1. Please report, ordered by residue number, the helices (runs of 4 or more DSSP H) entirely within the range 73-166 with at least 1 residues that are at pLDDT 80 or above and of a type in the set (A, V, I, L, M).
2. Just to verify a result, which residue in the range 496-523, among those that are over 30 Å from the mean Cα position of the chain (by Cα) and of a type in the set (Gly, Ala, Ser), is nearest to GLY454 (Cα to Cα)?
3. Taking ASP542 as meeting all but one of (1) farther than 18 Å from LYS417 by Cβ; (2) modelled with pLDDT under 80, write down the number of the exception.
4. Out of everything in the range 467-494 that is among the basic types (Lys, Arg) and part of a helix (DSSP H, G or I), what residue ends up being farthest from SER423 (Cα to Cα)?
5. Would you list the helices (runs of 4 or more DSSP H) that sit entirely within the range 377-464 and hold 2 or more residues that are of a type outside the set (A, V, I, L, M) and under 23 Å from the mean Cα position of the chain (by Cα)?
6. Is there a residue in the range 242-257 that is under 20 Å from THR226 (Cα atoms), in contact with an Asp or Glu (Cβ under 8 Å, 6 or more places away or on another chain) and in a helix (DSSP H, G or I)?
7. Out of curiosity, is LEU506 modelled with pLDDT under 85, out of contact with any Phe, Trp or Tyr (no Cβ under 6 Å at 6 or more places or on another chain), in a helix (DSSP H, G or I) and under 22 Å from SER427 (Cα atoms)?
8. Has the range 494-502 got any residue that is in contact (Cβ under 8 Å) with a residue 12 or more places away in the chain, within 17 Å of LEU445 (Cα to Cα), of a type in the set (A, V, I, L, M) and in contact with a helix residue (DSSP H, G or I) (Cβ under 6 Å, 6 or more places away or on another chain)?
Amino acid sequence: MTEILFPLLGGIGLFLMGVVLLTDGFKSMAGETLSRALTRFTGTPYKAFASGTLVTLLVQSSTATTVTLVGFVSAGLLTFPQAVGVVIGASLGATGTGWVVSVLGLKISLGFYALPLIGIGALLRLLTKGMGRSLGLSLAGFGLIFAGIDTLHNSMQVLAETFDLSALPASGITGYLLIVTIGTLMTVIMQSSGAAVATTLTALHAHAINFDQAALLVIGAAIGTTVTTALAAIGSNVSARRTALAHIIFNLASGIIALLCLPLLLAIITYLQQTIALAPGAISLATFHTLFILLGVILVLPFNRTFARWIERLLPELEPSLTRHLGDALLQVPAIALESTRRTLIETTLAINRIVLDLLGSGVASVNERERNEIRHALNVIQHFFSRIPPMNEDESLSPTRVHQLHAIDHLVRLFKRLNLSSGERSMLFQPLLRPGLIQCQQALELVRQGLLGHAPAGWLDKINAQAQTLADLRRDNRLNILHETAIGRRGPSDALDALDAVRWLERVTYHSWRLCYYLAEENRYQTTAQIAEIAPQTSLDE
């Protein structure tokens, strides 16, 4: 028994470790590029689908794609409709593992020749840095995949001689469901549909199971791979849970369709074997896997937006809107967590900006208490979330992104405090003396709104800087005028204090908004704090 079990477990382990190392190495070499591509080339459902397919083919893991996708959606880097297209593409891209195994791993036995790659990869991992280390991981992973396939193949041949697995039922509803369940459990236990498919392919190649059974196991593997996505979404926001649900529903629907159409799909495979000389066995099974997932793509992708809206109705947004991108699951990936915090800071800044513009435009009597409480809650959640983001390495705690966000939180808290205006200060804002300052503040805040939404004209940061400096000069001039009018009896002391506070309020609101823009703007994300300070030196007054 041990002669069968030990090599079988070892082969599965080698394959899984190979996939993990290959994925980690490739993501280290091109992870940032892949991340940018995934977020950039997803404008339409078809572009999102193509991106998901390509990324999954490259990293050889639909789990890696979907788990990363859950993080991107949680952070607000991708919208949910875009994520649906990527999810569908990842499911199709996952079928590439079957082709690698059937064409290279079984048809051409590379296990022995892949052993030097493992050694070279290990040496690169130990002796080099940067790209060399990542390349070493990828080479070692590639070699382990084929070493694992060889081990699996040998163990399956022994298993086929000892047990007649092909005698298991493969007809009727009960037989179908039993084998699909086995395929699902295999994937859940291995946490990899690729490993389950590879095991099935090697079993088929060794004649341990027949083609119908293998087809049912592959259907079960497609269903089982959704469990990892579901686990990744636990503790995430509603957008991430929607993404996980979309993945589950798509793969489950594809599996059900494949079950219902199994005789037709098997007939198509037989037809292809006869007409285009499709090789029977493993390659035909890889074709079957791709075929039924492709059938699901054809049925769902044209209705991507409708499908997304249906999921949104199933899982409505119940979380506070300002902090919807902050979830504990993101803390496992510091880079995404920091980006999520930045986006939340931007949305909170825009919420305060909208309130202040309404106040300056209409002279509303007071700030809505519900809005004030929502912003106060958001600030508390942001600070708590930010404090729990772990460093990515020893020096990362001093990275520009982290320092920028600390500055932004400080200015945002100070800006929030400016929503507290007395009735006297509020009335003074609309006096003729303060009219030029009020107009400057309105113009600056409108540029802030446009800039943080990505609609501002070129040079918008410099324009806000200039308006903040102008307001600082106006504050000094108005202060002298107000004090002079008070001294000659044209203005009462109480009235003068309200006027001085109103002037200072305009200048401070503009200043804090300006600083927030410099720390949160896309173009300044990778600048150091010193570089930003050279562009936008702070005034002598911090509050």
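The values are calculated or read from the model by the stated rules, or taken from the named source; none is laboratory data. Since this is a predicted model, take the numbers as computed values, not measurements. Cβ placement follows ideal geometry from the backbone for every residue including glycine, while neighbour counts extend to all protein chains displayed.
1. 80-93, 111-127, 131-162
2. Among those that are over 30 Å from the mean Cα position of the chain (by Cα) and of a type in the set (Gly, Ala, Ser), it is ALA502.
3. (1)
4. To start, the set of residues in the range 467-494 that are among the basic types (Lys, Arg) comprises 475-476, 479, 490-491.
Still in the running and part of a helix (DSSP H, G or I): 475-476, 479.
Numbers: ARG475: 20, ARG476: 23, ARG479: 20 Å.
Looking at the filtered set, the residue picked out is ARG476.
5. In the range 377-464, 400-417 are the helices (runs of 4 or more DSSP H) which contain 2 or more residues that are of a type outside the set (A, V, I, L, M) and under 23 Å from the mean Cα position of the chain (by Cα).
6. Yes, there is a match, as at least one residue in the range 242-257 is under 20 Å from THR226 (Cα atoms), in contact with an Asp or Glu (Cβ under 8 Å, 6 or more places away or on another chain) and in a helix (DSSP H, G or I).
7. Details: modelled with pLDDT under 85: no; out of contact with any Phe, Trp or Tyr (no Cβ under 6 Å at 6 or more places or on another chain): yes; in a helix (DSSP H, G or I): yes; under 22 Å from SER427 (Cα atoms): yes.
Spelling it out, it is not the case that LEU506 is modelled with pLDDT under 85, out of contact with any Phe, Trp or Tyr (no Cβ under 6 Å at 6 or more places or on another chain), in a helix (DSSP H, G or I) and under 22 Å from SER427 (Cα atoms).
8. Looking for residues that are in contact (Cβ under 8 Å) with a residue 12 or more places away in the chain, within 17 Å of LEU445 (Cα to Cα), of a type in the set (A, V, I, L, M) and in contact with a helix residue (DSSP H, G or I) (Cβ under 6 Å, 6 or more places away or on another chain), one finds at least one in the range 494-502, hence yes.
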